[in-house]
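What follows is a set of notes on a single structure, which appears directly below.
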Amino acid sequence: MNTVVALEPELKHGITPMQKRVLDYVRSYIEENEYSPSMREISQNCDLHLSGVSRVITSLEKRKRVSRLYGVRRSIVVLD
């Protein structure tokens, strides 16, 4: 018998608490500065390693919550 256990619980809107924290930070940063934060800034402000930030942003892209241009710095755009 195989049991699948979620690593993080999903919220009503389909994202995990960590994804919500990153999304909220990116949204507020863009509102304040008119450009997106760097991966390092997200890492420092959301208490994640850079690899964790990359995973969270990629999962938010798959859920159509953000978009970014690969190879372009500070290119994260919040879609909702």
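The values are calculated or read from the model by the stated rules, or taken from the named source; none is laboratory data. Just so we're clear, the structure is a prediction, and the values are computed from it rather than from any experiment. Please note: Cβ atoms are built from the backbone with ideal geometry, for glycine as well, and neighbour counts cover all protein chains shown. Accessible surface areas use protein heavy atoms only, side chains included; no ligands, DNA or RNA. Shrake-Rupley method; radii C 1.70, N 1.55, O 1.52, S 1.80 Å.
Worth a mention:
- Ligands, DNA and RNA excluded, the heavy atoms of residue 53 present near 0 Å² of accessible surface to a 1.4 Å solvent probe.
- Here's how it looks for residue 65: its modeled amide H is under 5 Å from none belonging to a residue 5 or more places away or on a different chain.
- When the square roots of the Cα gyration tensor eigenvalues are ordered a ≥ b ≥ c, the ratio a/c for region 24-80 is under 1.5, which makes its shape rounded.
- Placing a label point 7 Å from the Cα of residue 31 along the Cα-to-Cβ direction, the residues of region 47-80 with a backbone N closer than 15 Å are 78-80.
- Ligands, DNA and RNA excluded, the heavy atoms of residue 76 present near 10 Å² of accessible surface to a 1.4 Å solvent probe.
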